[in-house]
Amino acid sequence: MHHVIVGNGVCGMEAALALRARDAQARISLVSDEHDHFFSRPALMYVFAGQTRLQDTEPYDRRLYERMGFERVSRRVTNLDAAGHALVFADGSRLAYDKLLLAVGSKGRAAPWPGSEGPGLHYFVTLRDLEALDRDARKGMRATVIGGGLIGVEVAEILHDRGLHVTFLIRENWYFPLALDGRESALVSEHMRGHGIDVRLGINVEEILRGPDGRPRAVRVDGADLPTDLVVTSIGVVPNTGFLVGGPLALSKGGAIEVDDALATAAPDVWAAGDCASVTWADGSRRPEQLWYTARDQGRIAAQSMLGDDVTYRRGAWYNSAKFFDLEWTTAGWVPALLNFDNTPIDPGPDVGTWFQRVPGKLVSQKIVCKGDRVVGFNMLGSRWDHEPLLRFIHERRSLAWVLDHLHEAQFDEELMPRFRVWPQPTAT
């Protein structure tokens, strides 16, 4: 049996390890033209900042492939011959498979503005993106980061750390409305500005203006020209499935590979998982889950499905953690977005309320979302929290009063970390 996995990120690697654990004799090939080893993509910002080497972001030693008997194929796939059970590479060569997993991940959404094509405009999703930005970004340059979210704030941080003057342009009226409300965004924006980032909200980018040398000279925003030397766009990611367009696999409108509950595609012996797969969410909608831990989980489930197990992929309650510069963020459960991409408000629905407080004098806040008489979500800024107790509170259908009495149990016991308390006059809506 020959298992072929396209993509050696966390999804592909977890699938390969799960396959090997069950079948010591199978031939397993990992195909990637990005890097010869599995590395932690969220750590790329630290590589750019010079705080660590790329090799240090690799969770496994470099003898893993040899020890596990994995075959490395360092080529770019340009086509899938599903009828012939083969991948086609850029040089025309082919690799036959018995079973195939597509774990090809995502790439930065292409900048849509006039003047976007050309040198000096960058993304920050892949290793190639990092290498290009690393070559281009020099101390003293004026950099413009377009788009909010976690990638945008990471790029703003690492460019500022390198000594560039950073302007952060955000289309919405507050930063990261997919995850934060206006109060939380104001806290994060205050923190970024305190670090020297020029944060501008409610900005519409119209064009990238280029000089005689072809490089960016300004970004036109709402009729005004903002001088710049370098642009990084972080307006989201899209599935890296361009090579599948017009082929045998069904793709969603956004380019994700359509799969069933066992992560199998409509093509025989072909599965898809991770950022590139369109899966069913708790609300019944279908779209990719672009998180590290869901890619990990999907890789494991896909491997079981490839081996013939009767499995169903269903993600549990949402959770995530990150940093806005050095400001901690932990989220768990359902925290509804309140602002649409066009700056119109979103109604979270009936019987939904929030409890919110900001710690006086600090960049610290807690938000608890309730539906009816039970807690369904948490958003915590400025301090460290363990998501597992938070998810347990949700699963146990606890009330707000009960959660407030027990919330300290979810706080990491760190030296000098103030313990949770309810301050006077928290906000409830």
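A few remarks follow.
- Scanning segment 217-237 for residues that are in contact (Cβ under 8 Å) with a residue 12 or more places away in the chain, of a type outside the set (Lys, Arg) and not in a loop (DSSP other than H, G, I, E, B) gives VAL219, VAL221, ASP225, LEU226, PRO227, LEU230, VAL231, VAL232, THR233, VAL237.
- Any hit, segment 308-322, residues being in a strand (DSSP E or B), free of Cβ contacts under 8 Å to residues at least 24 places away in the same chain and of a type in the set (D, E, K, R): no
- Some residue of segment 295-307 being surrounded by fewer than 13 Cβ atoms within 10 Å (Cβ to Cβ) and of a type outside the set (Phe, Trp, Tyr): no
- Top-ranked residue of segment 150-194 - restricted to ones that are farther than 25 Å from VAL359 by Cβ and among the small types (Gly, Ala, Ser), ranked as surrounded by the most Cβ atoms within 10 Å (Cβ to Cβ): GLY152
- Close pairs from segment 345-371: first assigned by TED's automatic domain parsing to the domain that holds PRO418, partner at pLDDT below 95 and among the hydroxyl-bearing types (Ser, Thr, Tyr), Cβ under 7 Å, at least 6 apart: GLY353/THR429; THR354/THR429; PHE356/THR427; GLN357/THR427; VAL364/SER383
- Any hit, segment 318-326, residues being surrounded by 15 or more Cβ atoms within 10 Å (Cβ to Cβ), among the hydroxyl-bearing types (Ser, Thr, Tyr), at pLDDT below 95 and in contact with a Ser or Thr (Cβ under 7 Å, 6 or more places away or on another chain): yes
- Near pairs, Cβ below 8 angstrom, 6+ apart or cross-chain, from segment 195-206 (surrounded by fewer than 20 Cβ atoms within 10 Å (Cβ to Cβ)) to any residue that is among the small types (Gly, Ala, Ser) and at pLDDT 95 or above: LEU201/SER189
- Hey, LEU263 touching a Lys or Arg at 6+ places or on another chain (Cβ under 6 Å), farther than 30 Å from HIS160 by Cα and at pLDDT 95 or above or not: no
- Test: residue in segment 51-67 that is more than 30 Å from SER321 (Cβ to Cβ) and in a strand (DSSP E or B): no
- Scope segment 327-350; condition surrounded by fewer than 10 Cβ atoms within 10 Å (Cβ to Cβ) and β-branched (Val, Ile, Thr); matching residues: THR344
- Scan of segment 375-429 for residues that are under 14 Å from THR354 (Cα atoms), aliphatic (A, V, I, L, M) and not in a strand (DSSP E or B), ordered by number: LEU400, ALA401, VAL403, LEU404
- Out of ARG75, ARG62, one residue alone is charged (D, E, K, R) and farther than 22 Å from SER106 by Cβ. It is ARG62.
- Residues being of a type in the set (Ser, Thr, Tyr) and in contact with a helix residue (DSSP H, G or I) (Cβ under 8 Å, 6 or more places away or on another chain) are represented in segment 166-182 by at least one member.
- Any chance ALA43 is at pLDDT 95 or above, under 21 Å from the mean Cα position of the chain (by Cα) and part of a helix (DSSP H, G or I): no
- Summed over segment 278-294, residues that are touching a Gly at 6+ places or on another chain (Cβ under 9 Å), of a type in the set (S, T, N, Q) and either surrounded by fewer than 13 Cβ atoms within 10 Å (Cβ to Cβ) or within 26 Å of ALA21 (Cβ to Cβ) (or both) total 1.
- Note on segment 362-409: among residues that are of a type in the set (Asp, Glu) and touching a helix residue (DSSP H, G or I) at 6+ places or on another chain (Cβ under 7 Å), the one that is nearest to LEU180 (Cα to Cα) is ASP386.
- Some residue of segment 221-234 being outside the structural domain of ASP98 (by TED's automatic domain parsing), crowded, with 19+ Cβ neighbours inside 10 Å and among the charged types (D, E, K, R): yes
- Here GLY118 meets the list (1) surrounded by fewer than 21 Cβ atoms within 10 Å (Cβ to Cβ); (2) assigned to a helix (DSSP H, G or I) almost entirely, failing just condition (2).
The values are calculated or read from the model by the stated rules, or taken from the named source; none is laboratory data. If you're wondering where the values come from, they're calculated on a predicted model, not measured in any experiment. Ideal geometry is used to build each Cβ from the backbone, glycine not excepted, and the neighbour counts take in all protein chains shown.
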